[in-house]
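Novice: Quick one: the structure is below, questions incoming.
The values are calculated or read from the model by the stated rules, or taken from the named source; none is laboratory data. Just so we're clear, the structure is a prediction, and the values are computed from it rather than from any experiment. For neighbour counting, all protein chains shown are included, and Cβ atoms are generated from backbone atoms with ideal geometry for every residue, glycine included. Heavy atoms of the whole protein, side chains included, go into the accessibility calculation; ligands, DNA and RNA do not. Shrake-Rupley method; radii C 1.70, N 1.55, O 1.52, S 1.80 Å.
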Amino acid sequence: MSDKKRIVLSSDHAAIDMRQAIAKHIEAQGYEAVDIGPTSPESTHYPAHGAAAAEKVASGDCDLGIILCGTGQGIMMAANKVKGIRCGVCSETFSAAMIRQHNNANILSIGARVVGEGLALEIVDAFLGAEFEGGRHGTRVEMIDALEG
Ligand code: RB5
């Protein structure tokens, strides 16, 4: 079995091109991109795509996830409804690293109508390049997870 980190990607219709560019970008860096679509430009419903990616991470099938919609907001809200998911929307690289380091985020959300492709790829690099710091942040993340009941 491959020891490549498996990154699930999904989006709605507003972010297909950006999602595919991110998949290509991370594959070139040695990650396994598990792109679960969609590929058709037809209007679709972001909650279903956010939930599908979230299930891949929550089940342990994928290590981390990257999801996109027009703003990144709706798909993030859907993903965060799945138990075990901590997803944040990022439009700059500082937050993208911090949601890994301090919040142990397991999914990154990006708004394809908010940032350009170049910045989106930098945001992805910041997220994937950062590690959870644990310690006092671990206590706080446990407190977040406890809210799920
Ligand atoms: C779709 O038009 C748009 O609402 C969606 O991509 C997203 O921005 C929702 O949060």
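Novice: Just to verify a number: FRET efficiency for Phe94 and Glu131, C-beta to C-beta distance, R0 = 22 Å, to 0.05?
Specialist: Values: r = 16 Å, r/R0 = 0.71.
It comes to 0.90.
Novice: Could you sort the peptides 77-86, 21-30, 50-59 by per-residue average Cβ neighbour count (10 Å cutoff), highest mean leading?
Specialist: Result, highest mean first: 50-59, 77-86, 21-30.
Novice: In Å², and per residue, what accessible area does the chain have when probed at 1.4 Å with the other protein chains present? Can you show the working numbers first?
Specialist: Working: 7320 Å² over 149 residues.
That works out to 49 Å² per residue.
Novice: Where does the Debye-calculated log10 I(q)/I(0) of the stretch 23-79 sit at q = 0.14, 0.18 Å⁻¹, using only Cα point scatterers of equal weight, no solvent?
Specialist: Debye curve over Cα of the stretch 23-79, log10 I(q)/I(0) at q = 0.14, 0.18 Å⁻¹: -0.39, -0.65.
Novice: Stokes-Einstein diffusion coefficient for the stretch 1-130 at 20 °C in a medium of 1.002 mPa s, Rh from the Kirkwood formula over Cα pairs: what value in µm²/s?
Specialist: It comes out at roughly 154 µm²/s.
Novice: Next question, about the same structure. With charges only on Cβ, +1 for K and R and -1 for D and E, what is the dipole size of the chain about its Cα centre, in debye, rounded to 20?
Specialist: Numbers: 13 positive and 19 negative charges, 54 e Å.
For this selection, approximately 260 debye.
Novice: Show me the ranking of peptides 66-76, 136-146, 34-44 by mean Cβ neighbours inside 10 Å, starting with the highest.
Specialist: 66-76, 34-44, 136-146
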